[in-house]
Amino acid sequence: MKNRIWNSIWFKVGILVVPVLLYYTADPVRQTVNQAIFIISMVNVPAAREYILSFGIWAPIVSFLLMILQSLLAPLPAFIITFANAGLFGWVKGAILSWTSAMAGAALCYAIARLYGRSLVEKLTSRNALKEVDVFFERYGKWAVLIARLLPFVSFDIVSYAAGLTAMGFWEFFWATGLGQLPATIIYSYVGDMLVGSVKTFVFGLLILFALSAAIMMGRQIWQERHKAI
């Protein structure tokens, strides 16, 4: 069943070819996507919040699609959407929305890499960035995805693409992503619910603090696993 899904021509066409054709043949789609990319790339939480809010009752769906869009187009910053969700929907509902949409984006990146291969992934990301993540996977093996999700300075999107190029199974990737992404989503959502105005300095400090904590925790766990194996 799993192989039939991955090898299905309709699945392959549906996850990439159809969206690309819509982008290049439908002006409203292209204009909407370009505007969304511009809003995210501004790294401006109030602007992102106002953009999402402008869609009224469709705001949660638009936010969901924005998170998937930024997943595909690395390295657009996901935390902008997470902060905006927290400000619009409260940190609990915002965290749920951000986490589920990030999971959907990660799954889509994995599927694209698995189906279309490295050459396309390099075009969607960059060859050098992908090589750096390859080294990360070689170093940490089965722990790579979980560790990457806990470290904010490691690109969420490129890791998702890179995992699809390895022998790692989808569900192994999916659960590692979900578990590793959950703490960051909760923290960013809680903080995002309180932030106003410019956030760049605060966000930078928060990411560094969280990254150091996660690195110490995961380093200790890996050392213990290797020590037991000796």
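Among Gly141, Gly164, which is surrounded by fewer than 22 Cβ atoms within 10 Å (Cβ to Cβ), more than 12 Å from the chain's Cα centre (by Cα) and of a type outside the set (A, V, I, L, M, F, W, C)? Walk me through how you get there before you give the answer.
Details: Gly164 fails: surrounded by fewer than 22 Cβ atoms within 10 Å (Cβ to Cβ).
Testing whether each residue is surrounded by fewer than 22 Cβ atoms within 10 Å (Cβ to Cβ), more than 12 Å from the chain's Cα centre (by Cα) and of a type outside the set (A, V, I, L, M, F, W, C) leaves just Gly141.
Inside region 79-134, counting only helices (runs of 4 or more DSSP H) that do not spill past its ends, which hold 3 or more residues that are surrounded by 19 or more Cβ atoms within 10 Å (Cβ to Cβ), in contact with a Leu (Cβ under 9 Å, 6 or more places away or on another chain) and touching a residue at least 24 places away in the same chain (Cβ under 8 Å)?
Helices (runs of 4 or more DSSP H) meeting the threshold: 79-89, 91-116.
In region 56-78, which residues are in contact (Cβ under 8 Å) with a residue 60 or more places away in the chain and of a type in the set (S, T, N, Q)?
Gln70, Ser71
Within region 29-48, can one find any residue that is at pLDDT 85 or above, in a loop (DSSP other than H, G, I, E, B) and of a type in the set (Gly, Ala, Ser)?
no
Let me spell it out: the conditions are (1) modelled with pLDDT of 80 or more; (2) not in a helix (DSSP H, G or I), and Trp171 meets all of them except one. Which number is the exception?
So Trp171 meets the others, but not (2).
In the set Ile96, Ile112, which member is within 19 Å of Val17 (Cα to Cα) and either of a type in the set (Lys, Arg) or at pLDDT 85 or above (or both)?
The unique qualifying residue is Ile112.
Do we have Tyr23 as surrounded by 21 or more Cβ atoms within 10 Å (Cβ to Cβ) and not small (Gly, Ala, Ser) here?
In short, no.
The values are calculated or read from the model by the stated rules, or taken from the named source; none is laboratory data. Quick caveat, the model's predicted, so the values are computed rather than measured. With ideal geometry, Cβ positions are generated from the backbone for all residues, glycine too; neighbour counts draw on all protein chains shown.
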